[in-house]
Structures are given as structure tokens and as C-alpha cells.
Amino acid sequence: MTVDPPIRLAHPADAHDIAAMSRDLIEHGLLWSWRPARVLKAISSPETNVAVVREHGELLAFGVMEYLESDAYLVLLAVGRAHQRRGMGSAVLRWLEASAAAAGAQRIRLHARRDNLAGRSFYNEHGYHEVTIQPGRYAADLDGIRLEKWLRPQGRTPHEGRAAP
């Protein structure tokens, strides 16, 4: 599935809208930590991809993925309320997964609020498995769930199993 408008890497001018969407859709009820300066730092980082979908100047969806040694970490993913359940979140997630695979990531990890049943279901439908409950991850009374998806078998490098030239 392709998304129209297309998914692209974020520009510095996207930072404010990404931060606002994070505050409203992801960080609601928590201290706002993904403020514009932090988003701008992620956009500028060579170890991070920030993907956006925009149309007519409006931010429709975004995702933030960090690249670690052998894993990738999906930091944030959101779709504006008016654009949810149209495949846009799935498309952004697949775009980020493809980027992680191209970067050589072995697996992708993420965290979701324990009470975010829709989000957890979304990730489960995309092959992510719930690994552990993390009591108090978000607040004293708000637990987290760690999820992960293996992109290639454990211990295998991207070039293993290929025929020698």
C-alpha cells in the first residue's frame, strides 16, 4: 500500500507540529517531554529517522525511530484523529521497518502504555509480540508494555546465508 501524500523524512519546520501531535495523542496525561527542541534534535540526528505524512500543510502522521547497535527502537508513532483507521499508521510503520532492515537492525523494540489497547492491538497485528510488563514506566499508576519484532533470526547478520560471489 502506498500513502498519498507520500511518506518523507521530516524537515526542521515539522518539529512544532510533531511535538504538538505527540503531546495530544501520545503523551496525554503525562508531562510533555517531546517538545519542539527535542523533536528537532531527533530530526537532526544521524541515528534517528523521523518520518512524516503531510497534506496541504497539515501533519497527518509521523513516526520516530532510533537506530542502536543491532536493534531499532520505535520511539513515537501517531496518526491524527481525523486520519486514523485508513492505513496511514500501517504505512508509516512499514516505512520505518524497511529503513530499520536496510540499516541492519536485527529487531525493533517499542513501548506502549498498558491501557492503550488499540495501540497494542495495532502492533500485535503487525507482528510485534508483548515481551514484558514494566510497572510504573509512564507514571506511578501507569504501566508500560515492551513489545518487539524480529526482522531476522537471532544472531544472523544481514549477509549470512547468501551465496558467495
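The numbers here are math on the coordinates, done by the rules we state, and not lab data. From a predicted model like this one, the values you see are computed outputs, not experimental measurements. Please note: Cβ atoms are built from the backbone with ideal geometry, for glycine as well, and neighbour counts cover all protein chains shown.
In a fully extended conformation the segment linking Trp32 and His11 would gain 5.4 nm over its present Cα-Cα distance, using 0.36 nm per residue. Comparing Cα centroids, region 92-122 and region 18-35 end up 18 angstrom apart. Of the labelled figures (1) 1.05; (2) 0.92; (3) 0.97, only one reflects Rg/Rh (Cα atoms, Kirkwood Rh) as derived from the coordinates, namely (3). Taking other C-beta atoms within 10 angstrom as a stand-in for reagent exposure, Ile108, Ile133, Ile26 fall in the order Ile133, Ile26, Ile108, fewest first.
Considering only Pro12, Pro153, Pro135, the mean-square fluctuation computed in a Gaussian network model of the chain, springs between alpha carbons under 10 angstrom, is largest for Pro153. Once the chain from His129 to Ala101 is taken as fully extended at 0.36 nm per residue, the excess over their C-alpha distance is 8.3 nm.
A full extension of the chain between Asp141 and Ser90 corresponds to an added length of 15.4 nm, given 0.36 nm per residue minus the alpha carbon distance.
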